[in-house]
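A.B. asks: Pasting in a structure now, in structure tokens, and then I'll have a few things to ask.
The values are calculated or read from the model by the stated rules, or taken from the named source; none is laboratory data. Just so we're clear, the structure is a prediction, and the values are computed from it rather than from any experiment. Quick reminder, even Gly has a Cβ in these numbers, built from the backbone with ideal geometry, and neighbours come from all protein chains shown.
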Amino acid sequence: MSVPDARPRSARFVLTCIGVGLLAGLMSGLFGVGGGTVIVPLLVLILGFDQRFAAGTSLAAIVPTATVGVVSYAIHGSVAWIPALILAAGAVGGAQIGTWLLPRLSLTVLRWSFVGFLVAVIVSLFIVIPSRDAELPLNAVTVIGFIILGVITGTLAGLLGVGGGIIVVPALMILFGASDLIAKGTSLLMMIPTAVSGTIGNFRRHNVDLFAAALIGLAACTTTALGAWIATLINPFTANVLFAVFLVVIAGQMALRALRGQPARRPRPGRAAPPQ
């Protein structure tokens with residue numbers, strides 16, 4: 001695979017990336033996710049990226065987004081630093097597994113995998129009962145659990161282009177009893193090295209649009225803190241319901257595209273469309 005075309009993009013391309021970044025940043029701060037659940041489907045549906053390229057680009061954009069989110073949650077004391085580092089240790093290796101698998105899976109498998117992934121997240125949002133008072137325990141059992149969760153999260157991060165927050169946040173609340181705010185802040189910290197590791201793997205495989213990622217990431221940084229602030233104000237259950245509604249729309253759009261067999265990507269300037 002050759003290196004993606006580096007010529008200047010159209011105004012529509014730039015404005016779309018900025019808009020996607022603004023929305024992704026808000027969702028990232030509000031729900032403690034990297035924003036991949038926003039970035040990947042919108043890059044596919046609006047800009048015609050294929051699923052692989054959208055996943056790689058999304059993962060790169062998550063790095064600055066998550067960094068701003070961590071600072072925002074840390075100000076309120078809602079980051080469990082040691083558990084986050086343990087999660088990250090497992091996730092870094094897992095991200096390499098995911099990026100290795102990414103070019104080896106068919107587009108159809110990736111589309112349906114992403115839809116199934118979103119459905120699982122939607123279900124989990126109605127299972128989780130967030131609490132603002134719960135702490136995140138740290139003992140031998142939870143350390144092992146953090147490592148396993150990190151590996152699973154990292155693999156999906158590299159494969160689906162998400163920072164892992166939509167896995168880690170529900171898992172920390174359901175399996176480890178963390179409060180919703182601590183789960184979100186810890187998740188954002190964990191996903192920084194995960195996204196960096198996955199991006200390195202994608203860059204080596206020419207599976208990331210760094211220009212688009214930079215636009216999305218910088219735009220997201222301007223709204224992430226706002227989302228984190230809103231998260232402290234609204235009812236946790238209400239936030240879960242709103243996020244579930246959004247994911248239902250995205251999952252429905254992706255499922256329709258997979259059923260119709262439409263190409264997930266239009267050719268980028270100066271390049272022919274790849275075989276589907």
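A.B. asks: Output the number of the condition that A171 fails; it satisfies all remaining conditions of (1) outside any helix (DSSP H, G or I); (2) free of Cβ contacts under 8 Å to residues at least 40 places away in the same chain.
C.D. replies: (1)
A.B. asks: In region 16-35, which residue that is more than 21 Å from V128 (Cα to Cα) and either buried (at least 24 other Cβ atoms within 10 Å of the Cβ) or modelled with pLDDT under 90 (or both) is nearest to the chain's Cα centre (by Cα)?
C.D. replies: Looking at residues that are more than 21 Å from V128 (Cα to Cα) and either buried (at least 24 other Cβ atoms within 10 Å of the Cβ) or modelled with pLDDT under 90 (or both), I get A24.
A.B. asks: Would you point out which residue out of L189, L218, L181 is over 15 Å from M27 (Cα atoms) and not small (G, A, S)?
C.D. replies: L189
A.B. asks: Still on this structure, I have one more. Which of (1) β-branched (V, I, T); (2) surrounded by fewer than 22 Cβ atoms within 10 Å (Cβ to Cβ); (3) over 12 Å from M190 (Cβ atoms) is the odd one out, the single condition T155 does not satisfy?
C.D. replies: (2)
A.B. asks: Looking at G145, G164, G217, which one is among the small types (G, A, S), in contact (Cβ under 8 Å) with a residue 40 or more places away in the chain, out of contact with any Asp or Glu (no Cβ under 7 Å at 6 or more places or on another chain) and within 24 Å of A120 (Cβ to Cβ)?
C.D. replies: Only one candidate qualifies: G164.
A.B. asks: hydroxyl-bearing (S, T, Y) and in contact with a Phe, Trp or Tyr (Cβ under 7 Å, 6 or more places away or on another chain): does that describe T186?
C.D. replies: So T186 does not fit the description; no.
A.B. asks: Also: Before we move on, is T99 more than 12 Å from the chain's Cα centre (by Cα), surrounded by fewer than 24 Cβ atoms within 10 Å (Cβ to Cβ) and of a type in the set (S, T, Y)?
C.D. replies: When the stated conditions are applied, T99 does not pass them.
A.B. asks: Which residue, of I82, I39, I62, I46, is more than 23 Å from F211 (Cβ to Cβ) and among the β-branched types (V, I, T)?
C.D. replies: Only one candidate passes the filter, namely I82.
A.B. asks: Something else about it: Filter region 44-71 down to residues that are of a type in the set (S, T, N, Q) and buried (at least 24 other Cβ atoms within 10 Å of the Cβ) and give me whichever is nearest to A24 (Cα to Cα).
C.D. replies: Result: T65.
A.B. asks: For G201, work out the one condition from (1) buried (at least 24 other Cβ atoms within 10 Å of the Cβ); (2) touching a residue at least 60 places away in the same chain (Cβ under 8 Å); (3) of a type outside the set (V, I, T) it doesn't fulfil.
C.D. replies: (1)
A.B. asks: How many residues are of a type in the set (S, T, Y) and at pLDDT 75 or above when one looks only at region 100-154?
C.D. replies: 4
A.B. asks: Just a yes or no: is a residue in region 150-166 in a loop (DSSP other than H, G, I, E, B), among the aliphatic types (A, V, I, L, M) and more than 19 Å from I97 (Cβ to Cβ)?
C.D. replies: Checking region 150-166: not a single residue is in a loop (DSSP other than H, G, I, E, B), among the aliphatic types (A, V, I, L, M) and more than 19 Å from I97 (Cβ to Cβ).
A.B. asks: Continuing with this model, one more query. Residue pairs, Cβ under 9 Å, 6 or more apart or interchain, first in region 88-113 and within 23 Å of M254 (Cβ to Cβ), second of a type in the set (K, R) and part of a helix (DSSP H, G or I). List them.
C.D. replies: T99/R204; L102/R52; P103/R52; L105/R52; L107/R52; L110/R52; R111/R257
A.B. asks: OK, next. Residues that are more than 18 Å from F49 (Cβ to Cβ) and at pLDDT 90 or above, at least 3 per element: which helices (runs of 4 or more DSSP H) completely within region 179-273 meet that?
C.D. replies: 180-204, 210-231
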